[in-house]
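Asker: Starting off with a structure, shown below.
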Amino acid sequence: MKRSLKLREAHKGNGSPALCSIQWGISGCDLVTASASDPCILIHDASQPSKPAKELRHHKDGVTALAVSPGSPSLASGSIDHSVKIYNLPDGEFESNITRFTLPIRSLAFSNKGSLLAAAGDDDGIKLIATIDSSISRVLKGHKGPVSSISFDPSNEYLASVDTLGTVIFWELSSGKQVHILKAIAPNCDADASLINVISWSPNGETLAVPGLKNDVVMYDRDTAEKMFTLKGDHERPVCFLAWSPNGKYMATSGLDMQVLIWDVDLRQDIERQKFDDRVCSLAWKENGNALAVIDVMGKFGVWESVVPSCMKSPTDGAAQTRDKGGLLLFDEDDENPSTSGSLDDTVEESHGESVLISRKRLRKQSISDEISDRDSDGEEGLLRQIELRKRHTSKHKKRTIDEKEENSSYLNSTRPKMQEAFQPGFTPAQAGKRHFLAYNMLGSITTIENEGYSHIEVDFHDTGRGPRVPAMTDYFGFTMAALSESGSVFSNPCKGEKNMSTLMYRPFGSWANNSEWSMRFEGEEVKAVALGTGWVAAITSLNFLRIFTEGGLQKHIICLNGPVVTAAGYKDTLSIVTHASECLHSGDQMLQVRVLKISDGTELINCHLPLSPTSILTWFGFSEEGQLSSYDSKGVLRVFSHQYGGSWLPVFSAHKTRKSDDENYWIVGLNANKLFCIICKSPDSYPMVVTPKPVLEILSLSIPVASSDLGAADLESELIMNRLHLSQIQKNIEESAMSGLDTSALDDEAFDIEAAMDRCILRLIASCCNGDKLVRATELARSLSLEKSLRGAIKLATALKLPILAERFNTILEERLFNGSTISAAIPYAASNSVISKMPVHKVALAPDVSGINPSTSSPSPGLVHFSKQETTEEKLKAVKGKESCKGTTSSNEGAKLDISQIRCHQTKATSNVVSHEASGKWGSDVDTCKKDSENNTIGGNLGEGANLRPSHRPINPFAKTASNQEKSSLLESIRRMKKADNEKDDKLSNKKIKTQKH
């Protein structure tokens, strides 16, 4: 049995089972739920489950039936209070009471075009109501018990109904006659008010599905009402609800055994199933997606995503043609050849001599002439009556045409996916009587709770030792959003009061002045998002105004934005704003734009599109602790902005690959260079509750979602990309600091540490490539090594694995760099400027990672670090080489160059012997043998990231540790200088000796 889907509470009953209903709204953006124990109808935003539902309180008693019109944005509801009401979707605006019964209502159904509404219940008869004028066109009588379900044939020729006694009747709509009567073919459910029989036509109208008497579903032919086939599976008790997929290929059934089964109708077998804690009493397929909405008898609902396995045909494939047949008409109102079908939907027919059912789409000219000809037209009086009647019909036709054009326009607008509403990062929805977050970030949190007309706000910091506790505040404005920084907090509320005013308030945490708190009010302008930084406060309003204030409350700038705001965030002197760039795409994708502004000098740093996963929305936005712009969407993808490739967004985390179970949701708090800080919420909750102590903060490692490597080294590749990303960010900071004249030594140290980590990671990848016979890739990796000693370690590694050709290529790379004066650096998108390079400590250029502990047969990932690269200045090398050439006048330039390279390598080896003497002289000989054995046996070696040795008894010296010894800090540059000095001293001694000999 598959793990049960987690449901969340929508309707609170009295603890006993009650009949509940669920329907998808227009274009699958909303979910509508109702319960027989609750007079309130709820409209839920399907894209934002955490958003509070919209309540429709128009019934006086429990709601027993819901129906959504396929031809117009209308919702119908039936209740125990005997009334049927119509609402407009998606806003839920009440339109009218369309009819009343004398007993409770059990079932509602719209015709395929939405022009007819069928209503039935405990009364004797099914009412067919014209939605255009709320007139009752016909009452169908024939059932002996209460009618529990009705369904229109998609071609609008038949109506099928079933009662609680299990009798099914086929009705002809054009005449109102009973075509077929099938007695007692469905279970008897007259004794349980929470249980109903449900029938449904297939989307093509060829088959009627009815719950059977043997815990199965029986299919009946449309024209003959003969039994065609059954769906018999693992339901242990009778089926109580069924629903066809949009394309008719699949069916969902729920049973009294609390199971929901998904059937492949063509194969006549179940393909998926779920087990629930209570009986599911209503199901609804999403018209434009692979999802199924469910609700149980206790008022709990949820959405079963990916109902049909991805390897099978989608439940929406091929459904568009069916919708076109029964949806909006594809011809004009004045079509000269309207359909002559006998469908009640398309004809104008008198009923009971009083009300006339009028088609919503067109008025047939033949019906007008027939009606006129049936009247007395003798004499002048008759002629006047005909003229008057013709005028009345003409005016009605024109008015109806205008109304339907407006309705169609409204329908098309309502079916367009909705643009995401503005939100505040770290905010959770309000809940009656409970405290919730106005802001939650890496610094602290702001919480509020409503109490007797006002709210109580508290500010708490994660670091309790940062200073005195911030006093609590009584909120008389009803603040709904806030932002928190080191220096203060800002609050705002929506428009309220007679003047429709919105308030912005700033409270500093400390000031030399007594009255440093200030507030601003906006009349007819509502604050949608707020942000804080160093010395500034920002508010974005409903007029698309960006208002920037100083910390003291001075109105500094007012800027017009290009679209409605989605969210905003601040970091030191930087403000980032997300706005809508355009309407949503028809696929449901949000079109968002990001602008990053530097407040101090009024410049724009970034202006680009914000990418999101398909059909997702933005759920968190802000800066990392290092100031890197980041975003997180509802599909669980975290992205950071990088200046690589002219500015691009890189995915650095995927919840899909990280979560341990499908019911985990990550609520983001913040992030740093390599860690994500979040709160894990269990489905259906998507946000945390305010609890004491604070919610548990989870720390997750960032990881690039790379493809599965053919070497099994995907983790190492992800680590390398993350290091490069971090290194590029640090290098950008170094360049900015250097241009500002600031000290960059701390950033230099951090960049060097990351470069060292990158080299360790690259060496592991080289080892994996050697073992996997990917020598071209190993050569590419060797070229990206930053430090000379790392490249020498790669040469020894290739030699140990008996790969002489690869070792020779590595050696050629080293010689080319030494000869050409090239810098051995990582392949990164940014290179340090000369001003930055000149400030780098010389002793760090030649240090290289310890490669003595590499196991060439395997590679294990090290903790993720993030990236940047340094360069060496090699002018001294070239000068040394030229100096040597001047002393070798009889040797050709090429030979002299080769000789100098060998001497440089020799002197470098001697100069660095103090650093690697234990590894290179005492251990590499034995380690090579160990590498060979490990490569042959595929054993697991030590962790290079920790500098582990092949021999556990000897721990290698960490070459990156800072020591006071000048010998351990000797670099290639210093070796060349000493070599040149020694040669000069030797030449001086020889010349002095010759002079003395000549004198003698």
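Computed from the coordinates by the stated procedures, all read-outs in this text should not be read as laboratory data. Every value quoted in this text rests on a predicted model; they were computed, and no experiment measured them. Positions of Cβ are backbone-derived with ideal geometry, glycine not excepted, and every protein chain shown enters the neighbour counts.
Asker: Counting other beta carbons within 10 Å of each Cβ, put Glu735, Glu788, Glu755, Glu9 in order, fewest first. Walk me through the numbers before you get to the answer.
Answerer: Details: Glu735 17, Glu788 22, Glu755 29, Glu9 11.
Taking fewest neighbouring Cβ atoms as first place, the list is Glu9, Glu735, Glu788, Glu755.
Asker: Go through 446-457, 115-126, 603-614 and give me the packing order, highest mean Cβ count within 10 Å leading. All intermediate terms of the calculation are to be shown ahead of the outcome.
Answerer: Working: 446-457: 16.2, 115-126: 22.8, 603-614: 14.1.
Per-residue Cβ counts within 10 Å, averaged per peptide and sorted highest first, yield 115-126, 446-457, 603-614.
Asker: Assign unit charges at the C-beta atoms only (+1 for Lys and Arg, -1 for Asp and Glu), then state the dipole size of the range 453-548 relative to its Cα centre in Debye, rounded to the nearest 20. If you can, show how the numbers build up before the last one.
Answerer: On the way: 8 positive and 10 negative charges, 23 e Å.
Dipole magnitude for the range 453-548 comes out near 120 debye.
Asker: How far apart, in nm, are two points set 7 Å out from the Cα along the Cα-to-Cβ line at Lys214 and at Thr230?
Answerer: Each label point lies 7 Å from its Cα, and together they span 0.3 nm.
Asker: Moving on. Once Lys and Arg get +1 and Asp and Glu get -1 on their Cβ, which of Pro417, Leu443, Phe461 lies farthest toward the positive end of the dipole of the range 413-499?
Answerer: Most positive-ward Cα: Pro417.
Asker: Restricting things to alpha carbons, tell me how big the range 436-701 is in terms of Rg and Dmax, in Å.
Answerer: According to the Cα coordinates of the range 436-701, Rg and Dmax are 18.5, 55 Å.
Asker: Where in the range 261-296 does the label zone of Ser314 land, with the point 7 angstrom along Cα→C-beta and an amide N cut-off under 12 Å?
Answerer: The answer is 287-291, whose backbone nitrogens lie closer than 12 Å to the label point.
Asker: Which residues in the range 558-576 place their backbone N less than 16 Å from a point set 7 Å from the Cα of Leu443 along the Cα-to-Cβ direction?
Answerer: Residues 568-576 fall inside that zone.
Asker: Here is a follow-up. Using r as the Cβ-Cβ distance of Asn515 and Cys495, and R0 as 22 Å, what FRET efficiency do you calculate, to the nearest 0.05?
Answerer: On the way: r = 27 Å, r/R0 = 1.22.
The formula returns an efficiency of 0.25 here.
Asker: Okay, moving on. For the range 8-326, which semi-axes, largest first and in whole Å, follow from the square roots of 5 times the eigenvalues of its Cα gyration tensor?
Answerer: They are 25, 24, 20 Å, listed largest first.
Asker: Also: What does the charge count near Asn672 come to, summing +1 for each Lys or Arg and -1 for each Asp or Glu among other residues with Cβ under 12 Å from its Cβ?
Answerer: Details: positive: Lys675; negative: Glu625, Glu626.
That sum, taken over residues with Cβ under 12 Å, equals -1.
Asker: Of the cross-linked pairs Lys598/Lys694; Lys286/Lys657; Lys657/Lys802; Lys675/Lys789; Lys418/Lys682; Lys51/Lys675, which ones have a Cα-Cα span greater than 32 Å in the structure shown? Working shown, then result.
Answerer: Values: Lys598/Lys694 34 Å; Lys286/Lys657 26 Å; Lys657/Lys802 38 Å; Lys675/Lys789 30 Å; Lys418/Lys682 27 Å; Lys51/Lys675 28 Å.
Listed pairs above 32 Å: Lys598/Lys694; Lys657/Lys802.
Asker: Another question, if that's okay. Please work out the FRET efficiency for the pair Glu626 and Arg273, using the Cβ-Cβ distance as r and a Förster radius of 51 Å; give the result to the nearest 0.05. Present the calculation step by step, with values, prior to reporting the outcome.
Answerer: Values: r = 48 Å, r/R0 = 0.94.
Step by step, r from the Cβ atoms, then E = 0.60.
Asker: A further question on this structure: Find the centroid of the Cα atoms in the range 28-64 and in the range 622-646, then give the distance between the two in whole Å.
Answerer: One Cα centre to the other: 36 Å.
Asker: Provide the packing ranking of 461-469, 756-764, 308-316, i.e. peptides ordered by the mean count of other C-beta atoms within 10 Å per residue, highest first.
Answerer: Numbers: 461-469: 10.2, 756-764: 27.3, 308-316: 14.8.
Peptide ranking by packing, descending: 756-764, 308-316, 461-469.
Asker: Shifting gears a bit: Modelled label-to-label distance, His656 and Lys183, 7 Å Cα→beta-carbon offset: nm?
Answerer: In this crude spin-label approximation the distance works out to 5.6 nm.
Asker: Quick check on the range 145-270: what are the equivalent-ellipsoid semi-axes from the Cα gyration tensor, as sqrt(5λ), descending, whole Å? Could the numbers behind the result be given before it?
Answerer: Details: eigenvalues 93, 65, 26 Å².
Over the Cα atoms of the range 145-270, the ellipsoid semi-axes are 22, 18, 11 Å.
Asker: Additional query: So how much slack lies between Ser648 and Ser613, counting 0.36 nm per residue of separation and subtracting their Cα-Cα distance, in nm? Walk me through the numbers on the way to the answer.
Answerer: Numbers: separation 35, 0.36 × 35 = 12.60 nm, distance 1.51 nm.
Roughly 11.1 nm would be gained on extension.
Asker: I've got another one for you. Grab the beta carbon distance between Asp61 and Arg469, set R0 = 45 Å, and tell me the FRET efficiency rounded to 0.05. Spell out each step's value before the answer.
Answerer: Numbers: r = 50 Å, r/R0 = 1.12.
Efficiency, rounded to the nearest 0.05: 0.35.
Asker: Also, I was wondering about something else. With charges only on Cβ, +1 for K and R and -1 for D and E, what is the dipole size of the range 8-326 about its Cα centre, in debye, rounded to 20? If you can, show how the numbers build up before the last one.
Answerer: Working: 31 positive and 39 negative charges, 47 e Å.
Around 220 debye, computed over the range 8-326.
Asker: A further question follows. Pull out the extension gain between Asn97 and Lys572, defined as 0.36 nm times the separation in residues minus the alpha carbon to alpha carbon distance; nm, one decimal. Present the calculation step by step, with values, prior to reporting the outcome.
Answerer: Values: separation 475, 0.36 × 475 = 171.00 nm, distance 5.67 nm.
Fully extending the segment from Asn97 to Lys572 adds 165.3 nm.
Asker: How much length, in nm to one decimal, is gained on full extension between Asp749 and Phe819, taken as 0.36 nm per residue of separation minus their Cα-Cα distance?
Answerer: Working: separation 70, 0.36 × 70 = 25.20 nm, distance 2.80 nm.
Contour length minus the Cα-Cα distance gives 22.4 nm.
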